[in-house]
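Encoded as structure tokens, the structure appears first; notes follow it.
The values are calculated or read from the model by the stated rules, or taken from the named source; none is laboratory data. Predicted model only: the values in this text are computed from it and were never measured. As a convention, Cβ positions derive from the backbone with ideal geometry for all residues, glycine included, and neighbour counts pool all protein chains shown.
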Amino acid sequence: MRLTGKTIAAIGTAAVTLALSHYAAAEDVKIGYINKMGDHPWFVAEVAGAKKAAEDAGATFVSQDVQFDANLTITTFDTMVGDGVKGVAIVVPDKALGPVIAQKAKAAGIPLVAVDDDIYYEDGTQVPYVGMNAYNIGARVGEELAKLYTSEGWASKEVRIASIEDRKADTCMQRNKGAEEAFLKAVPDFKPENIVRVAYDNTMVNSIDVMTTTLTANPDVTNWIFYSCNDDGVLGGARALENAGYSADQGMGIGIDGSRACEAFGSGTASAFRGTMWLNSANHGALAMKILLASIKDGTELPVQSFTDPEYITAANFASDYKAKLCP
């Protein structure tokens with residue numbers, strides 16, 4: 001077949017048009033990210049990781065911090081859908097919002113990924129989730145606390161465990177459950193009735209307040225163990241002990257997320273905050289973007305659960321292994 005100049009030009013034009021259409025399609029993919037506490041170091045890193053992953057893939061990234069506001073969460077989701085997002089990742093401020101947001105995503109025909117806090121459709125089906133295995137990471141905390149309890153000879157002391165609980169977040173309760181069960185398994189002589197359940201709102205300030213009240217209500221207790229949903233809950237417990245005049249060796253707590261490691265270990269001062277299970281939250285955000293984009297662009301089925309593993313940070317390994325990674 002002989003190609004004329006006119007035919008060649010037409011083919012060239014078609015090829016360019018096709019290439020541009022593919023480029024435009026990639027550029028037109030917009031992903032939304034809704035998070036519940038955007039000024040917290042954990043979520044700052046998480047959103048930054050998501051943004052980088054989306055933009056590296058040629059997608060447009062939009063995000064909104066809803067600051068635990070349920071109404072703002074719903075209106076933000078509706079606004080993002082109205083603005084043409086092709087998928088949404090969300091850290092819900094309240095698990096009860098899960099079925100509402102899931103149904104909205106289904107009605108809009110866009111993929112949804114839950115990050116950090118697992119959520120479900122009304123029929124109980126899990127929304128694809130990216131984050132940690134909440135129970136298992138809690139169990140790691142309980143195991144390490146049991147080692148400290150044994151090595152420091154606390155069996156002979158008047159000890160209570162403070163389970164500092166965010167009861168509206170199932171993932172938080174799973175972490176505490178894992179810590180409790182692992183500790184009791186490792187220390188079978190510890191009496192479960194010596195566990196004090198302390199409700200808090202997921203912030204360090206509130207943890208200080210509620211633990212201060214708990215200490216006041218238990219004046220005869222000499223030593224305290226505490227675990228919580230995150231670093232804020234545990235560092236708040238440590239601060240409350242310090243404020244009440246306890247020495248650092250009268251408390252032991254291990255956090256989850258690593259967001260307060262610099263604050264807790266940076267000064268080199270002994271603290272009841274003994275360690276934290278660090279998860280790089282930037283990886284959570286990035287992974288959420290990658291699986292959303294794979295679903296949108298390639299039709300890849302979203303995995304139901306995608307987990308990341310923690311690293312145990314203590315005062316002993318902080319300076320050599322983690323300070324440069326975590327601290328500005």
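Sort through ARG167, ARG175, ARG197 and tell me the only one that's in the same structural domain as THR269 (by TED's automatic domain parsing), among the charged types (D, E, K, R) and farther than 23 Å from TRP42 by Cβ.
Matching residue, one of ARG167, ARG175, ARG197: ARG197.
Does SER267 fit the bill of being in contact with a helix residue (DSSP H, G or I) (Cβ under 6 Å, 6 or more places away or on another chain), part of a loop (DSSP other than H, G, I, E, B) and modelled with pLDDT under 95?
On the way: in contact with a helix residue (DSSP H, G or I) (Cβ under 6 Å, 6 or more places away or on another chain): no; part of a loop (DSSP other than H, G, I, E, B): yes; modelled with pLDDT under 95: yes.
No; evaluated as a whole, the condition is false for this residue.
Restricting to the range 82-141, give me the number of residues that are part of a loop (DSSP other than H, G, I, E, B) and either among the aromatic types (Phe, Trp, Tyr) or crowded, with 17+ Cβ neighbours inside 10 Å (or both).
16
Across the range 182-223, which residue is farthest from ARG239 (Cα to Cα) among those that are among the aromatic types (Phe, Trp, Tyr) and not in a helix (DSSP H, G or I)?
Let us first name the residues in the range 182-223 that are among the aromatic types (Phe, Trp, Tyr), namely 183, 190, 200.
Next cut, not in a helix (DSSP H, G or I) only: 190, 200.
On the way: PHE190: 25, TYR200: 15 Å.
Only one residue fits best here, namely PHE190.
Would you please name the residue that is farthest from the chain's Cα centre (by Cα), looking only at residues in the range 280-325 that are assigned by TED's automatic domain parsing to the domain that holds ASN35 and basic (Lys, Arg)?
LYS297
Residues checked against (1) β-branched (Val, Ile, Thr); (2) out of contact with any His (no Cβ under 8 Å at 6 or more places or on another chain); (3) part of a strand (DSSP E or B):
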| site | (1), (2), (3) |
| --- | --- |
| ASN283 | no, yes, no |
| ALA288 | no, yes, no |
| LEU293 | no, yes, no |
| ILE296 | yes, yes, no |
| PRO303 | no, yes, no |
| SER306 | no, yes, yes |
| SER320 | no, yes, no |
| LYS323 | no, yes, no |
| PRO328 | no, yes, no |
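When you look at ASN71, is it surrounded by fewer than 21 Cβ atoms within 10 Å (Cβ to Cβ), within 16 Å of ALA169 (Cα to Cα) and of a type in the set (S, T, N, Q), yes or no?
Numbers: surrounded by fewer than 21 Cβ atoms within 10 Å (Cβ to Cβ): yes; within 16 Å of ALA169 (Cα to Cα): no; of a type in the set (S, T, N, Q): yes.
When the stated conditions are applied, ASN71 does not pass them.
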